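Trainee: Dumping the structure here so I can ask a few things about it.
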Amino acid sequence: MTESPLMTKSKQLALNIIQLCKTIKLHAKESVLTNQLLRSGTSVGANIREAFFAHSKADFIAKLQIALKECSETEYWLELMIESNFCDAKQILSECSEIKRMLISSVNTAKTNA
């Protein structure tokens, strides 16, 4: 199976977040925010991958909606970390926002075609 752009981008986002969290934990010794970011940031791609193997159109839409919620949460944690000067992750935030727009579009298209 060829990976969709959404799967590819969400996997890259997860890898970037893993690296960011490792760096922050190493230098700033911060774990509460990074753990939250790690959970939500890696969940986006996991739910997108699940959606591509959904049992039904309703299951597909539900998984994409969960991915969208996790993506929004990831944006929140990134914003907090940037604004509190833990890191400069504006590029990762931009990637996350792009994925969120793609998810919104995908959910709307799937609902229209359901």
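The values are calculated or read from the model by the stated rules, or taken from the named source; none is laboratory data. Quick caveat, the model's predicted, so the values are computed rather than measured. FYI the Cβ positions are ideal-geometry reconstructions off the backbone, even for glycines, and counts take in every protein chain you see.
Trainee: In segment 77-87, is there at least one residue being within 16 Å of E30 (Cβ to Cβ), hydrophobic (A, V, I, L, M, F, W, C), out of contact with any Pro (no Cβ under 7 Å at 6 or more places or on another chain) and part of a loop (DSSP other than H, G, I, E, B)?
Mentor: yes
Trainee: Looking at segment 64-114, which of its residues are β-branched (V, I, T) and buried (at least 20 other Cβ atoms within 10 Å of the Cβ)?
Mentor: Passing the criteria: T74, I92, I99.
Trainee: Output the residue which, of all residues in segment 15-29 that are buried (at least 16 other Cβ atoms within 10 Å of the Cβ) and of a type outside the set (V, I, T), is nearest to T112 (Cα to Cα). Before the answer, list the steps.
Mentor: Step one: of segment 15-29, the residues buried (at least 16 other Cβ atoms within 10 Å of the Cβ) are 16-17, 20-21, 24.
Remaining after also requiring of a type outside the set (V, I, T): 16, 20-21.
Values: N16: 33, L20: 37, C21: 38 Å.
Out of the qualifying residues, it is N16.
Trainee: Which residue is farthest from A51 (Cα to Cα), if the candidates are limited to segment 1-17 and must be at pLDDT 95 or above and of a type in the set (A, V, I, L, M)?
Mentor: Here the answer is I17.
Trainee: Same structure, new question: Return the residues of segment 11-52 that are of a type in the set (S, T, N, Q), in contact (Cβ under 8 Å) with a residue 60 or more places away in the chain and in contact with a Cys (Cβ under 8 Å, 6 or more places away or on another chain); say none if nothing qualifies.
Mentor: Passing the criteria: only T23.
Trainee: Do we find that Q19 is among the polar types (S, T, N, Q) and either over 28 Å from T109 (Cα atoms) or in contact with a Pro (Cβ under 7 Å, 6 or more places away or on another chain) (or both) in this structure?
Mentor: For Q19, the condition - among the polar types (S, T, N, Q) and either over 28 Å from T109 (Cα atoms) or in contact with a Pro (Cβ under 7 Å, 6 or more places away or on another chain) (or both) - is met.
Trainee: Among the residues that make up segment 73-81, is at least one of them under 19 Å from A110 (Cα atoms) and in contact with a Ser or Thr (Cβ under 9 Å, 6 or more places away or on another chain)?
Mentor: Restricting attention to segment 73-81, the residues satisfying the condition of being under 19 Å from A110 (Cα atoms) are none.
Scanning segment 73-81, I find no residue that is under 19 Å from A110 (Cα atoms) and in contact with a Ser or Thr (Cβ under 9 Å, 6 or more places away or on another chain), so the answer is no.
Trainee: Also, quick follow-up: Out of segment 88-103, which residues are of a type in the set (D, E, K, R) and assigned to a helix (DSSP H, G or I)?
Mentor: Scanning segment 88-103 gives K90, E95, E98, K100, R101.
Trainee: Does segment 30-53 hold any residues that are over 15 Å from E98 (Cβ atoms), among the aliphatic types (A, V, I, L, M) and either surrounded by 15 or more Cβ atoms within 10 Å (Cβ to Cβ) or within 10 Å of the chain's Cα centre (by Cα) (or both), and which are they?
Mentor: Within segment 30-53, the first condition is being over 15 Å from E98 (Cβ atoms), and the residues that meet it are 30-40, 42-43, 46-47, 49-53.
Filter once more, keeping what is among the aliphatic types (A, V, I, L, M): 32-33, 37-38, 46, 51.
Hits for segment 30-53 are L33, L37, L38, A46, A51.
Trainee: In addition: Quick one: Q12 ticks every box in (1) within 15 Å of the chain's Cα centre (by Cα); (2) crowded, with 16+ Cβ neighbours inside 10 Å bar one, so which box is it?
Mentor: With respect to (1) within 15 Å of the chain's Cα centre (by Cα); (2) crowded, with 16+ Cβ neighbours inside 10 Å, Q12 is out only on (2).
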